[in-house]
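Visitor: A single structure is presented below for examination.
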Amino acid sequence: MGTLRRYLYPWAKSGVKVFDSDVLVLGSGIAGLYTAIKASEQFQVTVLTKKKIEESNTEHAQGGIAVAIDEADSPTLHFEDTLRAGAGLCDPSIVRILVEEGPTCVKELMDIGAQFDRQNGQLALTREGAHSQRRILHAQGDATGWEIERALVARVKESPNVTVREGRFVVDLLENGNGDIVGALVLNEETGELEGHLASAVVLATGGLGQVYRFTTNPSVATGDGIAAAWRAGADLMDMEFVQFHPTTLLIANAPRFLISEAVRGEGAFLINAAGKRFMENVPGKELAPRDIVARAIWKEMNDGLVYLDFRPIGKECILERFPTIYQTCLKYGINVLTTPVPVAPAAHYMMGGVATNSYGETSVRHLYAAGECACNAVHGANRLASNSLLDGLVFGSRIVERIRDKFQATRPSWEEVVGPEGGVGDTGIGIIGARKQLNDQSLRNQIQNLMWDNVGILRNEAGLKMAAELLLAWEQDNFFISGVDDLETANMLTAGVVIAKAAFKRQESRGGHFRSDYPLRLDGLWRKHSLQCMEGYYVRYVPVSGTD
Ligand code: SIN
């Protein structure tokens with residue numbers, strides 16, 4: 001075992017430009033911006049984001065946001081569907097919070113300015129996999145995330161209490177001598193200088209890590225930076241073996257794995273195999289079975305040839321109205337979905353695990369909160385129900401603000417109390433860019449992505465997981481130089497990969513997004529428990545699922 005790496009980079013305290021605020025929000029997707037807006041009612045808030053403010057997984061969300069608002073629906077039905085999809089690993093008390101507080105948060109989101117599609121004056125609702133009701137709000141057909149992000153960004157920009165700084169890469173979390181998180185060490189990508197952003201409360205909302213896989217629906221920013229930084233700061237990570245593979249992404253040579261929303265199947269599209277036969281007909285739920293089941297069924301079918309999604313049962317008018325982005329994108333790649341089935345394949349989509357939190361977003365490290373995809377409070381269990389993630393960002397982002405209010409300390413941390421790196425580069429003050437030899441290596445990134453896809457992907461087994469975990473750990477603990485953001489991301493991807501592979505290796509059963517071909521059964525007696533890992537010792541421990549379904 002190599003040395004533990006508390007900081008990604010050997011920085012020094014002097015020469016770092018220091019900023020402070022009451023609340024520091026890291027990330028600008030739905031969880032980050034909604035938390036910032038709520039917190040700004042009372043506090044001075046800084047939002048840091050590594051690229052432009054709109055660049056996040058949220059912006060790419062198509063299907064929508066699940067919420068029980070229809071007369072025929074109820075939070076109880078939404079609760080039951082979420083638990084069923086979660087394959088025995090949801091915490092029922094947390095799911096209850098999601099479904100009961102969700103409608104109020106969605107109303108607030110609409111008050112902020114998000115406009116959802118309507119039909120005859122009423123909010124239009126669609127259906128997705130494993131939902132017993134039509135309860136998915138959508139916007140501009142299939143551009144729901146874009147619309148939500150637009151509204152949140154507009155509100156944040158007009159708020160005098162929120163300062164947004166773009167092009168800021170969070171290198172690591174900072175702590176004081178008592179082990180409290182007091183801020184973040186940040187790389188200003190424009191100047192190449194290090195900045196110290198201090199705050200009384202730090203909220204991680206850095207999103208997911210789909211980029212650790214060769215094929216993903218996630219944008220290039222989703223490299224697991226917040227999860228890896230929390231890990232280095234000593235926070236517990238929970239349920240990291242549970243990665244969701246979205247069943248239907250565009251499978252065309254030289255095209256990105258563009259998401260083809262589950263709502264397409266919700267509106268009636270069929271999956272067909274190379275022989276033109278529907279192969280989900282005998283599976284309970286058919287095309288709308290839980291995501292993990294549909295993804296594996298497609299994967300299996302692909303042994304015998306391509307799998308296609310046939311839009312034609314939906315009808316031209318509905319396709320054009322509900323799925324304009326998908327229609328245009330497929331057309332750009334030469335496929336007219338009005339007439340021709342589209343080749344599809346699964347790709348990494350969502351991390352159910354993340355930084356372990358309670359129902360108020362508190363992590364195992366004081367003053368560090370986490371919300372959205374980088375967090376895990378067991379609301380999604382082993383397999384997230386479609387369109388519950390945007391709701392999760394709202395509900396638990398809002399609860400973080402409640403808790404910050406309760407615990408707020410008016411005295412902001414000072415730079416003097418920040419614990420600097422042991423064995424850093426001395427008191428000279430340095431910028432990251434330029435001084436160091438290049439680690440990166442697009443090839444290292446490619447190797448990680450291939451290794452993860454081939455061995456820690458949709459189907460897993462002991463030999464592959466062991467090999468992947470050992471190799472990734474060896475790479476992670478190699479001494480490498482960091483010369484810029486690409487290298488920092490690659491280092492974080494390595495950390496994320498190790499943690500996923502180790503948890504997946506240890507779990508000798510199949511459940512939700514984790515499928516072991518050598519242990520194909522779900523074993524509740526032995527494995528109905530959450531995995532926890534922290535950097536200390538690199539071992540996986542377990543805690544029971546709280547409550548009963
Ligand atoms: C989709 O539109 O299929 C994705 C929605 C989600 O991930 O919940």
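The values are calculated or read from the model by the stated rules, or taken from the named source; none is laboratory data. Since the structure is predicted, the reported quantities are computational estimates derived from the model, not experimental observations. A quick note on method: Cβ atoms are made from the backbone with ideal geometry, for glycine too, and the neighbour counts reach across all protein chains shown. What goes into the accessible areas is simple: the full protein's heavy atoms, side chains included, and nothing from ligands, DNA or RNA. Shrake-Rupley method; radii C 1.70, N 1.55, O 1.52, S 1.80 Å.
Visitor: To make sure I understand the rule: partners must be lysines, Cα under 17 Å from the Cα of residue 107, and not fewer than 8 residues away in the same chain. Which ones qualify?
Guide: Counting by Cα, and skipping residues close in sequence, residue 107 has these lysines nearby: 38.
Visitor: Something else: If each DSSP helix of 4+ residues adds -39,500 (n - 2.57) and the sum is divided by the residues in the chain, what number results at 222 nm, nearest 500 deg cm²/dmol?
Guide: About -10000 deg cm²/dmol.
Visitor: Compute the helix-to-body angle for 144-158: its Cα long axis versus the longest principal axis of the chain, expressed 0 to 90° and rounded to tens.
Guide: 30
Visitor: A further question follows. Mind computing the radius of gyration and Dmax over the alpha-carbon atoms of segment 447-513? Å is fine for both.
Guide: Using the Cα atoms of segment 447-513, the pair Rg, Dmax is 12.5, 41 Å.
Visitor: Now a separate question. What's the carbon and sulfur percent of the chain's accessible surface, probe 1.4 angstrom, rounded to a whole number?
Guide: Carbon with sulfur: 49 percent of the solvent-accessible area.
Visitor: Still on this structure, I have one more. Counting residues in segment 265-380 as N, plug N into 2.2 N^0.38 Å and put the Cα Rg over that result.
Guide: Computed over Cα atoms of segment 265-380, the ratio equals 1.39.
Visitor: What aspartates and glutamates does residue 506 reach when the alpha-carbon gap must be under 14 Å and sequence neighbours fewer than 8 apart in one chain are set aside?
Guide: 239, 241, 462, 470, 518
Visitor: Follow-up question, since we're still on this one. Going by amide H atoms built from the backbone, whose H comes under 5 Å of the H on residue 344, apart from near neighbours?
Guide: HN-HN under 5 Å from residue 344: 251, 307, 308, 309.
Visitor: What are the semi-axes of the equivalent ellipsoid of segment 291-353, taken as the square roots of 5 times the eigenvalues of the Cα gyration tensor, listed largest first and rounded to whole Å?
Guide: After diagonalising the Cα gyration tensor, the semi-axes are 23, 15, 11 Å.
Visitor: Rounded to the nearest 5, what % of DSSP beta bridges with both residues in the chain are antiparallel?
Guide: Taking every DSSP beta bridge with both residues in the chain, the antiparallel ones total about 65 percent.
Visitor: If you don't mind, another one. So what are the three principal axis dimensions of segment 1-152 from its Cα atoms, in whole Å, longest to shortest?
Guide: 61, 41, 29
Visitor: Turning to a different aspect of this structure: Show log10 I(q)/I(0) for segment 479-536 at q = 0.17, 0.22, 0.30 Å⁻¹, two decimals, from a solvent-free Debye sum over equal Cα scatterers.
Guide: Results for segment 479-536 at q = 0.17, 0.22, 0.30 Å⁻¹ read -0.67, -0.87, -1.24.
Visitor: Would you kindly calculate the mean projected area, averaged across all directions, of the convex hull enclosing the Cα atoms of segment 204-338, in square nanometres?
Guide: 9.8
Visitor: Could you tell me which trypsin sites (Lys or Arg not before Pro) in segment 292-377 are loop residues by DSSP with no more than 16 other beta carbons within 10 angstrom of their beta carbon?
Guide: 366
Visitor: Where the centre of each part is set by its Cα atoms, how far does segment 93-149 sit from segment 473-528, in angstrom?
Guide: One Cα centre to the other: 32 Å.
Visitor: Next question, about the same structure. Could you please tell me the mean projected area of the C-alpha convex hull for segment 107-171, averaged over all directions and given in square nanometres to one decimal?
Guide: If I average the Cα hull's projected area over directions, I get 7.0 nm².
Visitor: What would the Debye equation give as log₁₀ I(q)/I(0) for segment 104-223 at q = 0.17, 0.20 Å⁻¹, counting only Cα atoms as equal point scatterers?
Guide: Taking Cα atoms of segment 104-223 as identical point scatterers yields -1.12, -1.24.
Visitor: Taking every pair of Cα atoms in segment 68-126, average 1/r, invert it to obtain the Kirkwood radius, and report Rg/Rh to two decimals.
Guide: Rounded to two decimals, Rg over Rh is 1.04.
Visitor: Next up: Just to check I understand the Karplus step: with θ = phi - 60° and J = 6.51 cos²θ - 1.76 cosθ + 1.60, what whole-Hz values come out for segment 501-508, glycine and proline as x?
Guide: Going residue by residue, I get 5, 5, 5, 5, 5, 6, 7, 8 Hz, with x marking Gly and Pro.
Visitor: Still on this structure: Would you kindly give the portion of the calculated P(r) for the chain that falls above 38 Å, as a percent of all Cα pairs?
Guide: Taking all Cα-Cα pairs of the chain, the fraction more than 38 Å apart is 24 percent.
Visitor: Next up: So, for the chain, what is the accessible surface per residue at a probe of 1.4 Å, expressed in square angstrom?
Guide: Normalised by residue count, the accessible surface of the chain is 37 Å².
Visitor: What angle, in degrees between 0 and 90 and rounded to the nearest 10, separates the Cα long axis of helix 291-301 from the longest principal axis of the Cα atoms of the chain?
Guide: The angle comes out at about 70 degrees.
Visitor: What span do the alpha-carbon atoms of segment 159-245 cover on each of the three principal axes, reported in whole Å from largest to smallest?
Guide: For segment 159-245, the Cα spread along each principal axis is 37, 32, 28 Å.
Visitor: Pick out, in residue order, every one of the GluC sites (Glu not before Pro) in segment 27-80 that is DSSP loop and has at most 13 other C-beta atoms within 10 Å; say none if there are none.
Guide: 41, 71
Visitor: Expressed in nm², what is the orientationally averaged projection area of the convex hull enclosing the Cα positions of segment 336-406?
Guide: Quarter of the Cα hull surface area: 6.3 nm².
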